[in-house]
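The values are calculated or read from the model by the stated rules, or taken from the named source; none is laboratory data. Remember, predicted model here, so these are calculated numbers, not experimental data. Glycine gets a Cβ as well: all are built from the backbone with ideal geometry, and neighbour counts include every protein chain shown. The protein model used for the area step is the full one, side chains on, heavy atoms only, and it has no ligands, DNA or RNA in it. Shrake-Rupley method; radii C 1.70, N 1.55, O 1.52, S 1.80 Å.
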Amino acid sequence: MIIRKTPEQVDQMAAAGDILVRCMKMLSAKVRPGITTEELDAAAERFIRSQDALPAFKGYRGFPGSICSSPNSMVVHGIPGPYELRRGDVISIDVGVIKDGWVADAAVTFPVGPVSSEAKRLLTVTREALFAGVEQMRPGNHLGDVSHAIQTTVEAEGMSIIRTLVGHGVGRDMHEEPQVPNFGEPGKGPELEEGMVLAIEPMVNAGGPLVRMGDDGWSVYSEDGSLAAHFEFTVAVTPDGPRVLTPWHDVL
């Protein structure tokens with residue numbers, strides 16, 4: 001069942017989203033060669049707790065970090081640790097915040113200093129795919145319209161949607177119905193209605209679409225070792241169209 005939120009509940013999720021965005025801006029200033037992913041994680045946790053909020057990922061199904069930090073060919077779910085960022089890396093940072101029982105979820109892939117032309121294009125295409133999907137979050141459209149917009153944006157540039165990883169509904173719980181694939185047919189799937197709130201999150205490989213699980217049981221990598229990117233917004237369907245509850249637009 002897809003849980004629809006009232007306008008007041010959407011506002012509460014937006015309050016969590018505001019904390020998340022400010023956390024992401026803080027992290028963006030720290031993303032540089034030499035910093036470790038565990039240092040980024042500690043900074044994020046300190047900030048989130050200072051806002052009388054909770055890091056949504058900490059302890060979720062046993063996950064040990066407050067953020068997911070996934071460099072280069074790691075797509076998602078990277079456990080923060082001793083890895084030091086290097087010039088030319090890309091690093092996907094996924095943040096979840098719980099405020100007054102409501103969850104906000106978002107991700108950004110950052111360049112670490114100057115990066116290759118391939119990396120720049122990957123980040124641009126994945127971000128554009130997110131925006132294309134969000135634009136379809138309107139009453140009367142279908143979930144397939146969101147999925148199709150993401151897919152066509154990515155594949156037009158010769159890159160690959162990862163088909164085994166999906167977005168999701170979000171609200172009181174981190175993961176609610178429905179699943180949100182990043183590929184699909186327009187006009188298919190559930191009809192979008194006012195009050196639905198979804199985490200829209202294209203996950204894209206510069207190479208092929210296959211992925212593999214890391215030895216830690218969490219991290220997911222591109223199978224062919226190609227660079228990966230992950231961008232995510234929490235988005236509400238409103239009578240006036242999509243409302244982005246985690247508007248990190250100016251972080252990059």
- prompt: Just to be sure, is PRO247 of a type outside the set (Ser, Thr, Tyr) and part of a loop (DSSP other than H, G, I, E, B)?
  reply: yes
task: Within the stretch 133-158, work out how many residues are open to solvent by 30 Å² or more (accessible area, probe 1.4 Å) and in a helix (DSSP H, G or I).
output: 5
task: Scan the stretch 65-79 residue by residue and report those that are over 18 Å from HIS175 (Cβ atoms) and touching a Pro at 6+ places or on another chain (Cβ under 8 Å).
output: SER69, GLY78, ILE79
message: Anything in the stretch 197-249 that is in contact with a helix residue (DSSP H, G or I) (Cβ under 8 Å, 6 or more places away or on another chain) and among the acidic types (Asp, Glu)? List them, or say none.
response: GLU201, GLU232
query: Mind checking which residues of the stretch 50-71 are more than 16 Å from PHE231 (Cβ to Cβ) and in contact (Cβ under 8 Å) with a residue 24 or more places away in the chain?
result: GLN51, ASP52, ALA53, LEU54, PRO55, ALA56, PHE57, TYR60, PHE63, GLY65, SER66
- line: Of all strands (runs of 3 or more DSSP E) fully inside the stretch 48-121, the set with 1 or more residues that are surrounded by fewer than 19 Cβ atoms within 10 Å (Cβ to Cβ) and under 18 Å from the mean Cα position of the chain (by Cα) is 102-111
